Amino acid sequence: MLTKIRERTQDALLREELLCGEANSRGLAEAIACAIFISPGKRLQYVNHAAEIITGYAREELLSMNFWDLVHPDCRELVLKRGDTRHGGARRYEVKILTKNGDERWLGINTTMIEFDGMPASLVSAFDVTERKHAEEKVQLLAVTDPLTGLGNYRRLVEALDAEVKRTGRTGRPFAVLLLNMDQLKKINDRYGHLIGSQALCRLGDVLRVHCRAIDTAARYGGDEFALILPETTAAAARLVASRIRSRLATDNLQPLLSASIGVALYPQDGETIEALLCTADRELYGMKSPCGDEPTPLVRSFVSSPGRLVHKKTSSKKSDQAYDSPEGESWIH
């Protein structure tokens, strides 16, 4: 907060000086930490020393460029929308630039119109806010990350499901969901201790990460429950992924040995709502589990859609007789 106040105070003083007297303002502009770019036309006519430091370009190089040349391609649409000051009034926004050596940096931008050398000119004042942006990104990442496995958490799962439903609505292409439940986690905890149980969950998480494409989303949304969202994937391809995950777990010689029950569902064939889709995968998952001693009857986890989120609730379910068949004739490309 103090940094923002300081930036705004310096920026306000600078604009006042630039509007009052050019001789004094140029001296101030050279001493200030805020980068200054002044452009009466297509090319920059004045930049200060801070602009050289932030961009990595020498002053002579900057004066042969336009501020637009510095803007990262991802942010140029934003600059077009917010950077027009021809009709008066200042604009404040954040934009990403590319420095001379190719580094990406975030700048807090203020644009306004001034009179420079007797002509109207665009003034861009900029503070380097890269560290703050990176800190914000880390906080946002932590908010959607499971701290144990490093996979997405329940919030990330909800966001990814919502995004895929919307994508399918636009493209008509299906997506698949795998629900996974680690077998016998309670027995692993009882026999080896909770530390080994946590390591077992991480081992399963690593397998999911390996079997993910860049467009897939792997998440741990419960104690021993995981999900894998596979965009633009057929049912046969999704079952092949499930088969590979089980095979990878079976070939892991570390103790304790791991296995997982996996349910597969395809949107929208297996459910036109997220709740119906996940209930289908859940029924198939628990249909794979075999009776074991005193274990209680499995509970089906259903997801009820509500604005902006999914709500967990548990309901009793009978076991299904469905079983997995190895997919044939279709490969899934990583």
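The values are calculated or read from the model by the stated rules, or taken from the named source; none is laboratory data. Owing to the predicted nature of the structure, the values given are computational and were not obtained by experimental measurement. Quick reminder, even Gly has a Cβ in these numbers, built from the backbone with ideal geometry, and neighbours come from all protein chains shown. Side chains are part of the model used for accessible areas, which takes the heavy atoms of the whole protein and leaves out ligands, DNA and RNA. Shrake-Rupley method; radii C 1.70, N 1.55, O 1.52, S 1.80 Å.
Within segment 218-264, if we keep just the residues that are modelled with pLDDT of 90 or more and among the acidic types (D, E), the residue that is least open to solvent (accessible area, probe 1.4 Å) turns out to be E225. With respect to Y286, determine if the residue is buried (at least 19 other Cβ atoms within 10 Å of the Cβ), over 21 Å from L204 (Cβ atoms) and modelled with pLDDT of 50 or more. For Y286, the condition - buried (at least 19 other Cβ atoms within 10 Å of the Cβ), over 21 Å from L204 (Cβ atoms) and modelled with pLDDT of 50 or more - is not met. Taking the criterion of being crowded, with 16+ Cβ neighbours inside 10 Å, closer than 18 Å to A236 by Cα and not acidic (D, E), the residues of segment 269-282 that qualify are G271, L277, L278, T280, A281. Of all residues in segment 113-132, those satisfying the criterion of being aliphatic (A, V, I, L, M) and surrounded by 15 or more Cβ atoms within 10 Å (Cβ to Cβ) are M113, I114, A121, L123, V124, A126, V129.
Looking only at residues of segment 202-214 that are in a helix (DSSP H, G or I), out of contact with any Phe, Trp or Tyr (no Cβ under 8 Å at 6 or more places or on another chain) and not charged (D, E, K, R), we find that the one that is modelled with the lowest pLDDT is V210. Taking first residues from segment 180-201 that are assigned to a helix (DSSP H, G or I) and partners that are of a type in the set (D, E), the Cβ contacts under 6 Å between residues at least 6 apart in sequence or on separate chains come to L185/D224. Checked against (1) over 24 Å from L266 (Cβ atoms); (2) open to solvent by 30 Å² or more (accessible area, probe 1.4 Å), I215 meets all criteria but (1). Restricting to segment 133-170, what's the tally of residues that are open to solvent by less than 20 Å² (accessible area, probe 1.4 Å) and not in a helix (DSSP H, G or I)? Matching residues across segment 133-170 total 4.
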